[in-house]
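The values are calculated or read from the model by the stated rules, or taken from the named source; none is laboratory data. Every value quoted in this text rests on a predicted model; they were computed, and no experiment measured them. Here the Cβ is made from the backbone with ideal geometry for all residues, glycine too, and neighbour counts use every protein chain on show.
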Amino acid sequence: MAVCIAVIAKENYPLYIRSVPTQNELKFHYTVHTSLDVVEEKISAVGKSLGDQRELYLGLLYPTEDYKVYGYVTNSKVKFVIVVDSSNTSLRDNEIRSMFRKLHNSFTDVMCNPFHNPGDTIQSKAFDGIVSGMMVQTASYT
Amino acid sequence: MATFADFSPPLSSRLAVTPVVTAHIELRQSPISYLLLRGAGDQGLFTSLYTSLAQQLPREPMEWRRTYGRAPKMIHLEANFVQFKEELLPKEGNKALLTFPFLHIYWTDCCDTEVYKGTVKEDMMRWQNSLRAHGSADWVIIVVETNDTKKKNKTNILPRSSIVDKIRSDFCNKQNDRCVVLSDPLKDSSRSQESWNSLLLKLRTLLLMSFTKNLGRFEDDMRTLREKRTQPGWSFCEYFMVQEELAFVFEMLQQFEDALVQYDELDALFTQYVLNFGAGDTANWLGSFCAPVCSWNGLLLRRPIDMEKRDGIQRGEASLLDLRSYLFSRQCTLLIFLLRPWEVTQRALELLHNCVQELRLLEVSVLEGALDCWVFLSCLEVLHRIEGCCDQAQLAANCSHTVGLWAYATDKLKSLGELCGLVSEKRPTSEDLNRTVDLLAGLGDERPETVNSLQSPYKKLKEALSSVEAFERHYLELSHAAMEMYRAIGRLRSARLVGKSLAEFYMKKGDPERAETFLQEALKSYVSEGWSLPVTHTRKQIAECQKLLGRTEDYLQTSALLAGDVNLTTEERKHFCQEILTFADKSEDQSHKVTLSMGVFSQLTRLQFRPATASVHSGAVLQVELTLRCLMPVAVHIQQLAASIHFDLERGGTNGRSKGNQRQTNPGTVEFHQGNSSAGPPSSSAAGPPLELDEIQDRSPSDNSLNSTGVVCKNTHLVMRLHDNISLPDTPNCVSPPAVTIQEGAQMLKVQDVTLEPGNNSILFTAPSGQPGTYTLRQLYATVGQVQFVLPHIYPSVQYEVYSQEPQLTVEPLSEPLLAGLPQMVKFTLLTGHYAVKKGDALQLSNTDTMPILPSTSCTARISNPTAELVGESALFIQSSEKVTSISLPATPPYHTVEFLLEVLCIIPSGSDRPANESPAGVCPQMSIDCPWSIYSTLLALTFYIPFKTKHSLLSAGNRKYIQVCVQNMSDVNFTLAEVKLAEKQHASLELQSLNTKTQQLLCSKHSVFCLWEVRWKDDLPSCLQCVFSANFSPLKQDVSAFKPFHYQFQLERVTTLYSVRAEISPPAGEQHCRSGFLCGLEVCITRLTEPAEGEMAEDSKTDTDVADSSSNWAVCGKSSGMVLMPMVADATHKVQIEVMPLFAGHLPFPKIKVLKYLPHTAAVAIQPDPDSCVENDSLSLLDKALDDQGDTASIRSRGSVHSVGSGDQQQKGVAMPRLEPFSPGQVFNHSHTQQVLVLPATDDHILEVNAT
């Protein structure tokens, strides 16, 4: 499904970033980093109008020729970014949402781990597994 | 099709808000056909009516109710009137909605029945038949009546209604509304107006009815057609035309939203087909869209309808790009009508991305770069179109919508430039030129709309591809525009990414200087947000720049960073490390030294002191172990590793120990937290330094109890300034480290020739410890050839202390407390400090009488080193002379401890020497010690506690006298008391006979021993006795030799018994015994026993008697006290009678009788007091208090009544008061002391009192 999944801390440094074709890793880093612009824009826009009750899912941040970048932000301003291949048209908005929800749940589990130091990069195997699950499906599709 | 061209409104009016304004233009073509009566000369009539009809029809809006639950809308109907022709009637299966005749009107002004019957009726019949033949039921017959026609046919006039009635009966069976009368249409009368209005209403209603019906039918047909799409032979292009027809109609009705929906549906349908194709489900008709793309001239948005493309679609010859372009141009037009220009930009970007994807999916062969051209042109076309309909302010405010297109265009232009060899220092090759020509060929000719415009996308692209210079100009223009916009809307990261791309362009153009600024800016942002991979990548680019620019220092700094960057491969890291080492080795020029930040090369992770206290005495060895984590991929040889030291002369005096590093949890070890390296985890740099917390406890200075406790953050300044701090250590590329000069004279920790392996290295320094003071480690340098790595600040600050200590002698008791009178051990502790004790050095103790030092043979001194390990033992040599005891010390090195014990004895001072009230306290004999290292004597004060407390008392029995001495043991030691003696010093005739039976007595801790002697005398008992009590004591279970003497002196005065007092209680008269509640007589008899002694004053003989009952057994009635003047002769007797009443029955103790000395005030001497007069009431009550403190209120009250009687005859009020003074113990002997008398209960004994106490 996804070609790149990233978790970004409140302070905008990456907590976790993994992409499928390793040779393009750098490109994904740039893409995800740049997407923070839009995330911030959306957060501030929502913050002004709706107050505290806001949707966590930010929707499509921006499309590029090859990828679609989706965003999601938790209440603690941790951002999730999922990059999907543009050619993968079978993916609907709902599926992206559910991917984010799964990611968020797994992230919450990581945070609940008493041995995890908030702010550290995510090393959890369980989280890795969830992410892999979202990426592996891509392989079966294409 | 020329008709469609007329549709196009002038550009300016497209965005007109009121649809009514555009209505005239749009609905001129409205498909309503009308009929005229033929051959009746009525052409003129209709022509005269046409204008007002065409004008008035759209004036009023109609509510349009729609099928499928769509919301009703108000629309203005306009009509186009066309002469009826049979050919115009739609045939079966007609798809054209635009030319569809919605309503047929038959006009007639016939009013002559004959004419009607003759021609009109027939004509109508034919018209009706042809309509019916084509299945059209939408018709209306309008009968125009004028007065002229009426007048003309005056003769055979029928009633007016009859013609209309006839028509109605002939044609409109049950549809009376299909025939309308228009009266005097050309006259300006109310009747005419009314008939106009009803006609218009009728026409509108019928028109709308027909329109709804036919549109519904059309839509149904269209849906049916769509459902057939799975059937073979179905063509998307055909269907496209049908649905577009509907869109046109909606557009004409100004229902742009509905029109847009039609296009969107077509768009979605097409997209779905492409996707299905991708999934393997191929539709035949899709084949035409898979043809190789041979034209890429971009979108065309300047025409409302691009007929050229539309024809292509209609003919099924359109390429995918053509279809998409046409579709988008229509959507764009409608969106602009809908005032949603920003949706255009958003959709445009989606479209462009989508097209690229679709071509890829359909595997359409496209010339390399052709799509880039198409995208570039399209982006610019959309932007131009938007610019055309918005003003500058609007554009500026909506940058966020357009910037994506700008960036996309920039991107595409760049890749085109690269493709055509325009991005390099060289000219394009012939191959590049060929490619350029091919690309330009696909653009075709410029479209007529833009031929005259100077800035058309077409011209831009052509120009950009024409030469290197032009390309650069255009590319820079676009890049800067995109960057500016990104900046303006706060998308700084995107702006920097564009900047980076620009930097790459500059690098290819061989202009590293410009490239570097962009790269640095981007790097700063990546570093500050902790994105390590982009940091590494950007840094690598920067390194390339710096190398080209020849900025050695910066290059080396960046190389060092990269050499330690774990994101790079080992080979790359080695390469950058080698760059540094090569430079370090090569340069011979000593002046050209390069200083780099230590952080990029290695990290100081830990520092350890040995010994751990980090505090040594001067001259001692202190080692410092540094742990350096070398970040280089290979081992690096370092010529010198040095740490500069700041030396602070200590101000705190000699004792350096107290300031030791108590704060550190792990003493002697300092951990350094440095997360700020590029290679380290980025989180730590963003999260800032960890909190350093300390516990603080506030203790009360007096009793060391805890007042408060808390936690304090030691590095608040770092934590709080987090954001300023992050970028500092990590941007050595931007800010070169401050130039550091090494002061040669300064003290340093130095190690020569170390090899740092990758990873942790441990380096041992020996710290200078010459001068006492505080040494702070400031900076760390590593020198590798010409390169020097400098750590400008070692934080947290690390310091060690070197102290110099004065020799110190302390003397303390071996066990607390020291007891006087017994030999006690005292411990001498000598800290030698900086002084080395030589052989022959001795301590000189001045002797005191009260505390002799007991010579002992086996006295050894223990010598231990600073870490409290025993170094040696040696015997002490103690020499005592009369005044001085000299202890010769063993030779001891500095900073060692000498300990030895000495036995001393403090002699208990005898009683007269010490103040009487100082009973349990100790004595502090003072001793001075002369030490060899000091010219001053040390005064020594030890407190010895006296183990005993003694009391004496005189006891009498009539004339006989006894002396009792009580010895109380105050210490915790048990003693044996022996040879208890009492002696009188002055009177030899006096004999003290001991009544003590035991020679030795055990005196336990905190217990007392009483000793008693009877005093015997021959002639006269002296009034004053000087006694000395003496005893020997030793701690329990020690031999006789251990006995030490103890003395106690005391003096007894007025020993002789002066008076004897005898009291008797007599029962009331006639009774055998006293009864409670009955008055009894108390007779007190005072007898003088001795002759008056010499000097005894007459006044002395005045006594006062007081009867008091302390246990509230008695009530004293009448006077309870009185003055007695005793004669000054022996055996003189005085009796006092007092009435008392027993309050209880039983054996009651006698009331207390006190005899007191009466001392008249000196001023009152002249007045002879009446012997029987009572003393002052006040003094009596004072007496009460003194004697009877515990007396209950009842007895006080009872005595109060006595007083009141006695106070009746009081005199001399206001005169200074006489005093009463008790006799010395032994001067008065009371015979009836503790005597009891039997009291019987009162006869009436039904009152019982039970006392339970």
Go through segment B:412-422 and count every residue that is within 12 Å of another protein chain (Cβ to nearest Cβ) and out of contact with any Phe, Trp or Tyr (no Cβ under 9 Å at 6 or more places or on another chain). 1
Could you tell me which residue of segment B:509-543 is surrounded by the most Cβ atoms within 10 Å (Cβ to Cβ), considering only residues that are under 17 Å from B:Gly564 (Cα atoms) and more than 14 Å from chain A (Cβ to nearest Cβ)? B:Ile542
Going by what's in this entry, would B:Leu377 be described as assigned to a helix (DSSP H, G or I), within 26 Å of B:Leu443 (Cβ to Cβ) and within 13 Å of chain A (Cβ to nearest Cβ)? no
Based on what the data block shows, is B:Pro792 at pLDDT below 85 and either more than 30 Å from B:Val634 (Cβ to Cβ) or out of contact with any strand residue (DSSP E or B) (no Cβ under 8 Å at 6 or more places or on another chain) (or both)? no
Does B:Lys500 meet the test of being in a helix (DSSP H, G or I) and under 30 Å from A:Lys42 (Cα atoms)? yes
Segment B:577-632, subset assigned to a loop (DSSP other than H, G, I, E, B) and of a type in the set (Gly, Ala, Ser), residue nearest to B:Gln771 (Cα to Cα): B:Ser618
Working only within segment B:861-870, note down all residues that are touching a strand residue (DSSP E or B) at 6+ places or on another chain (Cβ under 6 Å) and either assigned to a loop (DSSP other than H, G, I, E, B) or exposed (fewer than 13 other Cβ atoms within 10 Å of the Cβ) (or both). B:Asn865, B:Leu870
From the list A:Ser90, A:Ser49, A:Ser44, pick out the single residue that is modelled with pLDDT under 90, part of a helix (DSSP H, G or I), within 12 Å of chain B (Cβ to nearest Cβ) and surrounded by fewer than 14 Cβ atoms within 10 Å (Cβ to Cβ). A:Ser44
Taking into account only those residues within segment B:480-508 that are touching a residue at least 60 places away in the same chain (Cβ under 8 Å) and more than 13 Å from chain A (Cβ to nearest Cβ), which is farthest from the chain's Cα centre (by Cα)? B:Lys508
Within segment B:287-302, the residues that are modelled with pLDDT under 80 and either within 60 Å of the chain's Cα centre (by Cα) or surrounded by fewer than 18 Cβ atoms within 10 Å (Cβ to Cβ) (or both) are B:Gly287
Test: residue in segment B:610-621 that is modelled with pLDDT of 85 or more and closer than 21 Å to B:Phe765 by Cβ: no
Meets criteria (β-branched (Val, Ile, Thr), away from chain A (no Cβ under 14 Å) and surrounded by 24 or more Cβ atoms within 10 Å (Cβ to Cβ)) for B:Thr595: no
Failed item in (1) at pLDDT 80 or above; (2) crowded, with 16+ Cβ neighbours inside 10 Å; (3) of a type in the set (A, V, I, L, M, F, W, C), with B:Leu201 passing the rest: (2)
Check on B:Asn452, farther than 14 Å from B:Tyr475 by Cα and assigned to a helix (DSSP H, G or I): no
Of all residues in segment B:878-894, how many are in a strand (DSSP E or B) and under 19 Å from B:Leu905 (Cα atoms)? 7
The one condition B:Phe1043 fails out of (1) in contact (Cβ under 8 Å) with a residue 60 or more places away in the chain; (2) on the phi > 0 side of the Ramachandran plot is (2)
Output for segment B:766-781, where each listed residue is assigned to a strand (DSSP E or B) and either within 39 Å of the chain's Cα centre (by Cα) or not hydrophobic (A, V, I, L, M, F, W, C) (or both): B:Thr766, B:Gly773, B:Thr774, B:Tyr775, B:Thr776, B:Leu777, B:Arg778, B:Gln779, B:Leu780, B:Tyr781
Can you find even one residue in segment B:429-438 that is in a helix (DSSP H, G or I) and in contact with a Ser or Thr (Cβ under 9 Å, 6 or more places away or on another chain)? yes
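Condition test on B:Thr832, is it without any contact (Cβ under 8 Å) to a residue 24 or more places away in the chain and closer than 24 Å to B:Thr892 by Cα?
no
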If you go through segment B:352-365 one residue at a time, how many are outside any helix (DSSP H, G or I) and within 14 Å of chain A (Cβ to nearest Cβ)? 2
Select, from B:Leu199, B:Leu206, the only residue that is in contact (Cβ under 8 Å) with a residue 60 or more places away in the chain, at negative phi and out of contact with any Lys or Arg (no Cβ under 6 Å at 6 or more places or on another chain). B:Leu206
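At pLDDT 80 or above and of a type in the set (Gly, Ala, Ser): which single residue out of B:Ser169, B:Ser183, B:Ser195, B:Ser189 fits that description? It would help to see each step written out before you state the result.
Values: B:Ser169 fails: at pLDDT 80 or above; B:Ser183 fails: at pLDDT 80 or above; B:Ser189 fails: at pLDDT 80 or above.
Step by step, each of B:Ser169, B:Ser183, B:Ser195, B:Ser189 is checked, and only B:Ser195 is at pLDDT 80 or above and of a type in the set (Gly, Ala, Ser).
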Residue pairs within 9 Å by beta carbon, gap of at least six or interchain, first lying in segment B:268-283 and away from chain A (no Cβ under 13 Å) and at negative phi, second surrounded by 15 or more Cβ atoms within 10 Å (Cβ to Cβ) and part of a loop (DSSP other than H, G, I, E, B), listed first then second, are B:Ala283/B:Trp234
Candidates B:Leu334, B:Leu349, B:Leu371, filtered to the one that is part of a helix (DSSP H, G or I), away from every other protein chain (no Cβ under 14 Å) and at pLDDT 85 or above: B:Leu334
Any residue in segment A:89-100 that is touching a residue at least 24 places away in the same chain (Cβ under 8 Å) sitting within a Cβ distance under 8 Å of a residue that is part of a helix (DSSP H, G or I) and not hydrophobic (A, V, I, L, M, F, W, C)? List the pairs, counting only those 6 or more apart or interchain. A:Ser90/A:Tyr141
Scan of segment A:1-33 for residues that are touching a residue at least 12 places away in the same chain (Cβ under 8 Å), within 11 Å of another protein chain (Cβ to nearest Cβ) and under 17 Å from A:Ser86 (Cβ atoms), ordered by number: A:Ser19, A:Phe28, A:Thr31, A:Val32
In this structure, does A:Ser98 turn out to be more than 15 Å from the chain's Cα centre (by Cα) and either under 29 Å from B:Glu350 (Cα atoms) or modelled with pLDDT under 90 (or both)? no
